[in-house]
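K.L.:
Quick one: this structure, given as structure tokens, is what I'll be asking you about.
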Amino acid sequence: MPASNQPGSGPAHTVAEPWNSVPVRSAFRLRTCNTSLPTNTELERFGTFHHVFCSHPPREKQPSLLSRNGLSCTTHNRNDSTAHSHYVDPSATPTQWRPGVEIPKTIAFVDSLSTIGRLRFTTADNEKTYDPFRSPGPPYYSWFYRPAARLRATTGEVTAIERVGGSGSMAALRDWCRKCFHGEPAVIGKAVLQAPELRFIRTAAVMNKKAIEKATPPGLPELLSQLPDRVGNLDRCPFLAEGICWWSSQDLGARLDVGPGHVFVDQNRAIPYTSKTQDAENATLHVDVNDYFVIPSEELWERAGVRGQNVSASTLIASPRIEVGVDFQKRARRRDPQGIFGAPRHFSRRSAALDAKTARIR
């Protein structure tokens, strides 16, 4: 189909049903168009990419909790194990990096260039990549790994729970949670779940009253106080019902010895990509998109002193400059009344900028 001279009028590359949308956009009749689909032998997998679109109110100077915590929730629940996404066998010595094409990746588009760096920093703080050797506490995502099992409970906490639930109730609770994790139905008496120690999430080895109050999810204490006598796991688990159990995640915050200290092997490794990245003196246009996710170790673990290694990141936080095939809400309203190419977020408020961005994907 001949390309139009109008900027941005060419059809987007990523269309759900091109055999329907292309005839509409090009004024061709559907019966005059032929659909050509590749066979299985013609397809070559070059990667798996998830897309996240982040937007925040203009008056907010920092990325919202929803942005950075939502990004963590998305990336850690998307695969079977983030540790196995980075390494062929995380327990092997030495570890062997998994090829970039096999690593599930996330591209997070942010609607403000000034937000990219801040979101990357807050994500690095969440994931303990910025200063991993001085981060004794567990990373954010591990708080939601089997919270009912209290895997990081102190001896005093276990004693207090068993004082309420009875001798051996902590072991029974962990077995109930383990079966849930493996998809096995089970029930347990409500007494152990109503211990005060289960009303908050353990975020550190030592927590004062203020930290406990901050780590108490709204609604969880009330739900635990109203449980039936026998409580089921899976869909009937109160922690899952309150959204504080990331059942699909297998990332518990495991540690991997690197250099003089350790890093969390299942962390989400996020890097920024902006126009400054592309225009830098040592910038390279890669043929393989997976190469954009490979960076020096000193850029990922900035204060860890781990040097001379190339490591694979799993998330790229970028501006719409690198996007392909995503059109914008404003363009949909102006030039696409049928909404064929509309997107859930708009990334630019200026018409000229929209034309420039969409013209690049013709």
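K.L.:
Every residue in region 70-91 that is surrounded by fewer than 20 Cβ atoms within 10 Å (Cβ to Cβ), among the β-branched types (Val, Ile, Thr) and touching a Phe, Trp or Tyr at 6+ places or on another chain (Cβ under 9 Å), please.
P.N.:
Correct list: 88 only.
K.L.:
Please work out if residue 160 is surrounded by fewer than 14 Cβ atoms within 10 Å (Cβ to Cβ), in a helix (DSSP H, G or I) and either of a type in the set (S, T, N, Q) or not assigned by TED's automatic domain parsing to the domain that holds residue 124 (or both).
P.N.:
Criteria not met by residue 160.
K.L.:
Moving on to the next point. Being over 18 Å from residue 159 (Cα atoms) and either modelled with pLDDT of 95 or more or among the hydrophobic types (A, V, I, L, M, F, W, C) (or both) is the filter here, so list the residues in region 185-203 that pass it.
P.N.:
Result: 185, 186, 187, 188.
K.L.:
Are any residues in region 176-215 polar (S, T, N, Q) and more than 23 Å from the chain's Cα centre (by Cα), and if so, which ones?
P.N.:
Across region 176-215, the qualifying residues are 194, 208.
K.L.:
Could you go through region 216-230 and let me know if any residue there is in the same structural domain as residue 178 (by TED's automatic domain parsing), assigned to a helix (DSSP H, G or I) and loosely packed, with under 12 Cβ neighbours inside 10 Å.
P.N.:
yes
K.L.:
Scanning region 92-135 for residues that are among the small types (Gly, Ala, Ser) and either touching a strand residue (DSSP E or B) at 6+ places or on another chain (Cβ under 9 Å) or modelled with pLDDT under 85 (or both), which turns out surrounded by the fewest Cβ atoms within 10 Å (Cβ to Cβ)?
P.N.:
Within region 92-135, the match that is surrounded by the fewest Cβ atoms within 10 Å (Cβ to Cβ) is 114.
The values are calculated or read from the model by the stated rules, or taken from the named source; none is laboratory data. Quick caveat, the model's predicted, so the values are computed rather than measured. Every residue, glycine among them, receives a Cβ derived from its backbone with ideal geometry; neighbour counts consider all protein chains shown.
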